[in-house]
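The structure appears right after this line, and notes come after that.
Values in this text are rule-based calculations from the coordinates and carry no lab data. All values reported here derive from a predicted model rather than from experimental measurement. Ideal geometry is used to build each Cβ from the backbone, glycine not excepted, and the neighbour counts take in all protein chains shown.
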Amino acid sequence: MNQKVITKSIKPKIRLQMTEGYKFVNDVVQKNKLNTVCEEARCPNIYECWDRRTATIMILGDVCTRACGFCSVKTGKPIWDDSLEPYRTAMAVKKMNLKHVVITSVDRDDLKNDYGASIWSETIDQIHHHVPNCNVEVLTPDFKGFKPSLLKVFNSQPEIFSHNVECVERISKQVRTQANWQRSLDVLSFSVENNLRTKTGMMVGLGERFDEVIDTMRQVANIGVKLFTIGQYLQPTKNHLPVERYVEEQEFNDYKEIGIEMGFDSVKSGSLVRSSYHADEGV
């Protein structure tokens, strides 16, 4: 396999356009006192996605117990205590009249009983109850691989279960210092075993080689993952990991073509692609 490392290309341009659709979603989010990963993680697609009246809602607060080198979400000791959050999330989804919603969360390693899985389960149940025609896609942490927590989420029957590997194995400890590569694969495998439509995603531009990306794609495809996303890493602040390279669009096209040949049902591949980008197209 070709072990090319692409030299730096041009940083992708982010389109900023505050449309009526964007303003509507922002209003619903603010009035329902919700957190979104779109804002917290400084997603480059926030204007496009909110204009389409879609948003990735982040539950369990806005403070993460982990400190990944790529992520701009706040890190520290969470003080979140909001038992009504699942209901308010469902009401926001209903207000936005969504047919597909993505729910994610911070890591809550401090919640030793189930790492937040009960709130996850209740959120899915509330959306299914109040907005029965809406597909629920969940992008979860690893719950430290604790299977009873994963089963709580699985038993609420999200239409798509997603957990990101984030990067190639060789640099995983550098990128996700408190995560475990094999544990992420095990989470994905357990989802497939429980007959859930399963998804994962990763970033490039962190020092990986082309062949390592292909190997990562092959590993998750062999598990039975059917949906895959891959996008350019963009440094959120100077305190985060530096961008090692900006990937050419042709390379992203190559990943998509190779991924479809591997058996993925869908491969979203592009410089500004993120985990929930056009997520409704993956159902």
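Assuming R0 = 35 Å, what is the FRET efficiency of residue 170 and residue 147, from their Cβ-Cβ distance, to the nearest 0.05?
Given R0 = 35 Å and the Cβ-Cβ separation, E is 0.80.
Taking the Cα atoms of the stretch 198-283 alone, what are Rg (to one decimal) and Dmax (as a whole number) in Å?
12.6, 38
For all pairs of alpha-carbon atoms in the stretch 50-169, what percent lies in each bin of width 10 Å, listed from the first bin to the last filled one?
Bins of 10 Å from zero give 13, 46, 34, 7, 0 percent of pairs.
Suppose each label sits 7 Å from its Cα in the direction of the beta carbon; what would the residue 257-residue 177 distance come out to in nanometres?
4.0
Rounded to a whole number, what is D in µm²/s for the stretch 123-197 from Stokes-Einstein with the Kirkwood radius over alpha-carbon pairs (25 °C, 0.890 mPa s)?
Reported coefficient: 185 µm²/s.
I'd like to know how the stretch 133-257 sits against the 2.2 N^0.38 Å rule of thumb: what's its Cα Rg over that expected value?
That works out to 1.09 for the stretch 133-257.
Provide the percentage of antiparallel DSSP beta bridges, counting only those with both residues in the stretch 188-283; round to the nearest 5.
If we restrict to bridges inside the stretch 188-283, about 0 percent are antiparallel.
Sort out for me the Cα centre separation of the stretch 120-139 from the stretch 58-94, rounded to whole Å.
17
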